[in-house]
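Right, one structure below, let's go through it.
The values are calculated or read from the model by the stated rules, or taken from the named source; none is laboratory data. Given the structure is predicted, the values throughout are model-derived calculations rather than measurements. Note: ideal-geometry Cβ built from the backbone for every residue, glycine included; neighbour counts use all protein chains shown.
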Amino acid sequence: MKTDVEELTPTRVKLTVEVPFDELKPNLDKAYKEISQQVRIKGFRPGKVPAPLIDKYVGRGAVLQEAVNDALPELYGRAVEETEIFVLGQPDVEVTRLEDGDQFAFTAEVDIRPKFDVPEYDGLEVVVEDAEVTDEKIDEALGNLRERFASLTTADRAAAEGDFATVDLVAKIDGEEVADASTSGYSYEVGSKSAIEGLDEAVTGLSAGESATFTGTLPGGEHAGEEAEITVTVQSVKVKDLPELDDEFAQLASEFDTIEELRGDVRERLGRQVRLQQLSDARDKALEALLEKVDIPLPDKVVEEEVSRRHQQLEQQLMMAGMTKEAYLEEEEKSEEDFETEVADAARLAVKGGFVLDQLAVQEELGVENEELSEYVVTQAMQMGVAPQQLAQYLTENNQLPAIVSEVLRNKALNLIVEHVTVKDESGNEIDVKAVQRELGGETVEAGDESAAQDAADESAESAEETPAAESENTEK
């Protein structure tokens, strides 16, 4: 087999592959066997039809086409391996020559990772926020904890912001009720803007038994995005009572006897969280600093696929939140054009970052051990709430293990970068990343996780109830 590589662009090549016809013999034999199972010729059982009769009744051309289709994936894979190119995505294949008994040739155009070397990254310096735990952050964490133990008390008055109103909702379009947009006994926090737009204004000022009608855009269901006439009826109005921050509360919400002990535990946990956040920020900023030193072309198709993936991810998140894209852009104070530009820029940066980490893994000859793969799968399974064996089986059956290996390699490459850069906080103090990692016992935190204050409060409340105030009625008066 002979393979020539033509560079169409720095990120796309054309492979021209010539194959001696004899190499197709196993594929031809397989094609005859499969066609023999399918055809019905008098006097011959399925699978026993001789090749000459298949050529006569089905046609040699059909057999050649079947053999070529069977051979192409393996031949293309061999060509990629021999030329040592890093392909991205599926190739555009064209058979250019197929002469029976002589030669077979095809071309394959495919995107490739650009060829480059990762520049020196020793001496890079990044700055992260100070690991400061203020009294305000502790108060915020304790406040979140109080919210979890709030009780609801019926109020004999009209609903106001901050109240919890139990409501019935009936949505109609052209006079016909929309079943999947109507509900009863829905507990809603007035002023939270967490449901359909216009509900807060409609509910405010209503007392139990009163109704109001407004026009709103349905966020989900069969009629998502359509305007509907919505009638809201208030069943009851409740106010939220927060417990006092005293020793009794500490005993109720945690394993501690006094509020000072609880406060001290929250301070310690917040300290761990902010240091974890420093490590996460150091990783992000170290990669950003290295990317600024690298100028490489990016395949348009790969960037477009990343943009599409990000759009799909946002759509899923908005659907789960019951929010339209228009409402999201309004909340973020962004125009459609600004949003698309932002997504495209982020997609290009993500693709570039992946290329750089992949190349660094090659340059530094990084590898992945089975133990590292197992650890990754276990961590992901815990985050997804499934059994590790179940996730491992899914990844194997769906051929996702190569992607997992790539992800682990990229993490190792990024960790290597962080180990070689200088990390300082805003006060100018140098941070020993390895020492912090040892102190935190190998914990990691990814950017975008929940706030440190909320995490710390949740961890402190080891014996806390899980029911939020919106669904709890501990005290009914």
Look at segment 34-80 and say how many of its residues are among the hydroxyl-bearing types (Ser, Thr, Tyr) and over 20 Å from Leu15 (Cα atoms). 2
Any residue that is part of a strand (DSSP E or B) and within 30 Å of Asp432 (Cα to Cα) - is there at least one of those in segment 106-126? yes
Would you check if there is a residue in segment 383-395 being touching a Lys or Arg at 6+ places or on another chain (Cβ under 7 Å), within 30 Å of Val128 (Cα to Cα) and either in a helix (DSSP H, G or I) or in the same structural domain as Ala435 (by TED's automatic domain parsing) (or both)? no
Only one of Glu125, Glu147, Glu176, Glu161 that is surrounded by fewer than 19 Cβ atoms within 10 Å (Cβ to Cβ), in contact with a Pro (Cβ under 8 Å, 6 or more places away or on another chain) and of a type in the set (Asp, Glu): Glu147
Quick check: anything in segment 354-364 modelled with pLDDT of 90 or more, in a loop (DSSP other than H, G, I, E, B) and either assigned by TED's automatic domain parsing to the domain that holds Lys293 or not aliphatic (A, V, I, L, M) (or both)? yes
Just to check your reading of the model, which residue among Leu252, Leu270 is under 24 Å from Arg148 (Cα atoms) and surrounded by 18 or more Cβ atoms within 10 Å (Cβ to Cβ)? Leu270
Residues that are assigned by TED's automatic domain parsing to the domain that holds Met319 and more than 38 Å from the chain's Cα centre (by Cα): list the strands (runs of 3 or more DSSP E) wholly contained in segment 174-248 that include at least 3 such residues. none
Considering segment 350-376, residues that are of a type outside the set (D, E, K, R) and touching a residue at least 60 places away in the same chain (Cβ under 8 Å), and then whichever is nearest to Lys301 (Cα to Cα), we arrive at Phe355
Restricting to segment 105-120, name every residue that is within 30 Å of the chain's Cα centre (by Cα) and of a type in the set (A, V, I, L, M, F, W, C). Val110, Ile112, Phe116, Val118
If the requirement is being surrounded by 13 or more Cβ atoms within 10 Å (Cβ to Cβ), outside the structural domain of Glu201 (by TED's automatic domain parsing) and within 30 Å of Val362 (Cα to Cα), which of these qualifies: Ala141, Ala108? Ala108
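Rundown of residues vs (1) at pLDDT below 95; (2) within 30 Å of Lys424 (Cα to Cα), yes/no style:
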position	(1), (2)
Asp281	yes, yes
Ala289	yes, yes
Tyr328	yes, no
Lys352	no, yes
Top-ranked residue in segment 152-171 [being assigned to a strand (DSSP E or B) and not hydroxyl-bearing (Ser, Thr, Tyr); ranked as nearest to Ser236 (Cα to Cα)]: Ala165
The residue from Ala155, Ala131 that alone is buried (at least 17 other Cβ atoms within 10 Å of the Cβ), of a type outside the set (D, E, K, R) and modelled with pLDDT under 90 is Ala131
Search segment 251-277 for residues that are farther than 23 Å from Gly441 by Cα and pair each with any residue that is of a type in the set (S, T, N, Q) and crowded, with 19+ Cβ neighbours inside 10 Å when their beta-carbon atoms are under 8 Å apart and the residues are at least 6 apart or on different chains. Ala253/Ser460; Ser254/Ser460
